[in-house]
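The values are calculated or read from the model by the stated rules, or taken from the named source; none is laboratory data. If you're wondering where the values come from, they're calculated on a predicted model, not measured in any experiment. Methodologically, a virtual Cβ is constructed for each residue, glycine included, from the backbone with ideal geometry; neighbour enumeration extends over all protein chains shown.
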Amino acid sequence: MKALKTKPELKITLARAAAQYQFLGITIFRMIARQTISWSVLMALVLTLHADAQSNWVDKSPHRSEFITVNGVRLHYLDWGGKGETMLFLHGIGDTAHIFDDFAPKFTNQFRVLGLTRRGHGESEKPDSGYDTATRVEDIRQFLDALKIPRAIVAGHSAAGNEVSLFAITHPDRAIKLVYFDAAFYIDGYLELFKRYPPELFPTKADGESLDNWRRWYQRMNSGWSEAVEASARVNFTLADPEKRARAMSLLIENEARPDHPKIKSPALMITVINHGANAVKQLTGLSEQRRTEINDFLSECRQMKEKETDLFRKAIPNGRLVMLTNADHHCFIDREDEVLREMRKFLSK
């Protein structure tokens, strides 16, 4: 396992990778260049200026909100309670553990359910270093140790896929089962595509000027909204230290590992989305026929990359289960909750 090499000219690529990892989610993390003020910092500054008109909004998810210091960093986590083996949810880039506010409680009848917000995100501390995959996995191990949890089912969304994989490889006796929610499995494929990622699929500066604006943009470009998306977005729109947050996102992408997936021994379920972005393209107006064709061609390449990723999963984890959802949102556990729940319960019952 080795970290991904990064050249200075790939800063914009890495920036777009950070955004795409959350695909049409909170895309405030695009670095432009170290010697200039980055777009991500500017957007992060904007996102801290406005709360929202709905000041009486209340997070109704039945969790406890806690903090714990492990591996030298103070981390925020959510505890939905429950009994049995532990199920740990890990979010994607730009999100927080709140993104599972609606989904996670549905498992408390069988498991103790937790959600961890990684370093550099949400209410967790944003240190100057430690964003490589191995250190993030060590954060997870020490988090479980501190809570006296010997083993866990680890479920990760988007960029958390690398954390799920490396945790299972590094600590095989502690990973009961693995769940990938449209999670990264083929890093090189993603980065190659992001060099040409269409700017039309990103939010504009105006979209990020308030939570109301961003909510409208998200609803337009995705299949809907949820209380979980609301909760996670509110954290990001109200926190300070936007420059540290933006830098953390960049460092995380620059230092992603490429795990040796065939070493994974835990049973694994991959729920992958084919053709995400289709709904977003339908919402784009004012494009020339040529430009629309170019974007559709790009999405076709994304589908081909997904086919290669799923093939890699089949070869690396022969006993793994693969479920493909077509035209779903990247947050498939929100957009297609019933289907994802059904597949997870079937997988976990075996």
Restricting to helices (runs of 4 or more DSSP H) lying wholly in segment 251-350: which have 2 or more residues that are aliphatic (A, V, I, L, M)? 278-283, 289-316, 337-349
Selection status of ASN275, on the phi > 0 side of the Ramachandran plot and surrounded by 15 or more Cβ atoms within 10 Å (Cβ to Cβ): yes
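From the list ILE99, ILE12, ILE37, pick out the single residue that is surrounded by 15 or more Cβ atoms within 10 Å (Cβ to Cβ) and either of a type in the set (Gly, Ala, Ser) or at pLDDT below 95 (or both). If you could, list the steps in order and put the result at the bottom.
Details: ILE99 fails: either of a type in the set (Gly, Ala, Ser) or at pLDDT below 95 (or both); ILE37 fails: surrounded by 15 or more Cβ atoms within 10 Å (Cβ to Cβ).
Checking each option against the conditions leaves just ILE12.
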Segment 131-144, subset of a type outside the set (A, V, I, L, M) and over 18 Å from the mean Cα position of the chain (by Cα), residue nearest to GLU230 (Cα to Cα): PHE143
I'm trying to understand the selection: among the residues of segment 80-111, which are within 15 Å of ALA155 (Cα to Cα) and either in contact with a Lys or Arg (Cβ under 6 Å, 6 or more places away or on another chain) or β-branched (Val, Ile, Thr) (or both)? THR86, ILE93, THR96, ILE99, THR108
Boolean, ALA134 is in contact (Cβ under 8 Å) with a residue 24 or more places away in the chain, out of contact with any helix residue (DSSP H, G or I) (no Cβ under 6 Å at 6 or more places or on another chain) and farther than 15 Å from LYS177 by Cα: yes
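Name the residues in segment 145-158 that are within 17 Å of the chain's Cα centre (by Cα) and either part of a strand (DSSP E or B) or surrounded by fewer than 24 Cβ atoms within 10 Å (Cβ to Cβ) (or both), would you? Walk me through it before giving the result.
Initial filter on segment 145-158 (within 17 Å of the chain's Cα centre (by Cα)): 154-158.
Listed by number, the residues that qualify are VAL154, ALA155, GLY156, HIS157.
What residue, of ALA134, ALA168, ALA146, ALA160, is out of contact with any strand residue (DSSP E or B) (no Cβ under 6 Å at 6 or more places or on another chain) and hydrophobic (A, V, I, L, M, F, W, C)?
Result: ALA134 is the single residue among ALA134, ALA168, ALA146, ALA160 that is out of contact with any strand residue (DSSP E or B) (no Cβ under 6 Å at 6 or more places or on another chain) and hydrophobic (A, V, I, L, M, F, W, C).
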From the list TYR180, TYR186, TYR197, exactly one residue is in contact with a strand residue (DSSP E or B) (Cβ under 7 Å, 6 or more places away or on another chain), hydroxyl-bearing (Ser, Thr, Tyr) and closer than 25 Å to GLU309 by Cβ. Which is it? TYR180
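If you check ILE295, ILE274, ILE317, ILE253, which single one turns out to be more than 16 Å from PRO199 (Cβ to Cβ) and touching an Asp or Glu at 6+ places or on another chain (Cβ under 9 Å)?
Details: ILE295 fails: more than 16 Å from PRO199 (Cβ to Cβ); ILE317 fails: touching an Asp or Glu at 6+ places or on another chain (Cβ under 9 Å); ILE253 fails: touching an Asp or Glu at 6+ places or on another chain (Cβ under 9 Å).
Only one candidate passes the filter, namely ILE274.
What about PRO62, is it part of a loop (DSSP other than H, G, I, E, B) and either within 22 Å of VAL229 (Cβ to Cβ) or modelled with pLDDT under 95 (or both)? Spell out the reasoning first.
Details: part of a loop (DSSP other than H, G, I, E, B): yes; either within 22 Å of VAL229 (Cβ to Cβ) or modelled with pLDDT under 95 (or both): yes.
It is true that PRO62 is part of a loop (DSSP other than H, G, I, E, B) and either within 22 Å of VAL229 (Cβ to Cβ) or modelled with pLDDT under 95 (or both).
Inside segment 159-190, can you point out the residues that are assigned to a helix (DSSP H, G or I), acidic (Asp, Glu) and surrounded by 24 or more Cβ atoms within 10 Å (Cβ to Cβ)? Show your work before the answer.
As a first pass, look at segment 159-190 and keep what is assigned to a helix (DSSP H, G or I): 160-170, 187-190.
This time we only want the ones that are acidic (Asp, Glu), so: 163, 188.
Within segment 159-190, just GLU163 meets the criteria.
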Using beta carbons and a limit of 6 Å, which pairs, at least six apart or on different chains, have the first residue in segment 232-245 and more than 13 Å from HIS98 (Cα to Cα) and the second one part of a helix (DSSP H, G or I)? PHE237/LEU47; PHE237/LEU211; PRO242/ALA44; PRO242/LEU45; GLU243/VAL41; ARG245/ALA44
What pairs come out if I take residues in segment 64-79 that are within 13 Å of THR96 (Cα to Cα) and pair them with residues that are assigned to a loop (DSSP other than H, G, I, E, B) and of a type in the set (D, E, K, R) whose C-beta lies under 8 Å away, six or more apart or interchain? LEU75/ARG118; LEU75/ARG119; LEU75/GLU125; HIS76/GLU123; LEU78/ASP101
Would you check if ALA159 is in contact (Cβ under 8 Å) with a residue 60 or more places away in the chain, hydrophobic (A, V, I, L, M, F, W, C) and over 24 Å from GLY81 (Cα atoms)? yes
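Of the residues in segment 313-333, how many are over 20 Å from the mean Cα position of the chain (by Cα) and under 16 Å from PRO259 (Cα atoms)? Reasoning before the result, please.
Going through segment 313-333, the residues over 20 Å from the mean Cα position of the chain (by Cα) turn out to be 314-321.
From what's left, under 16 Å from PRO259 (Cα atoms): 314-317.
Within segment 313-333, residues that are over 20 Å from the mean Cα position of the chain (by Cα) and under 16 Å from PRO259 (Cα atoms) number 4.
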State all residues of segment 191-236 that are part of a loop (DSSP other than H, G, I, E, B) and modelled with pLDDT of 90 or more; if no residue qualifies, say none. SER226
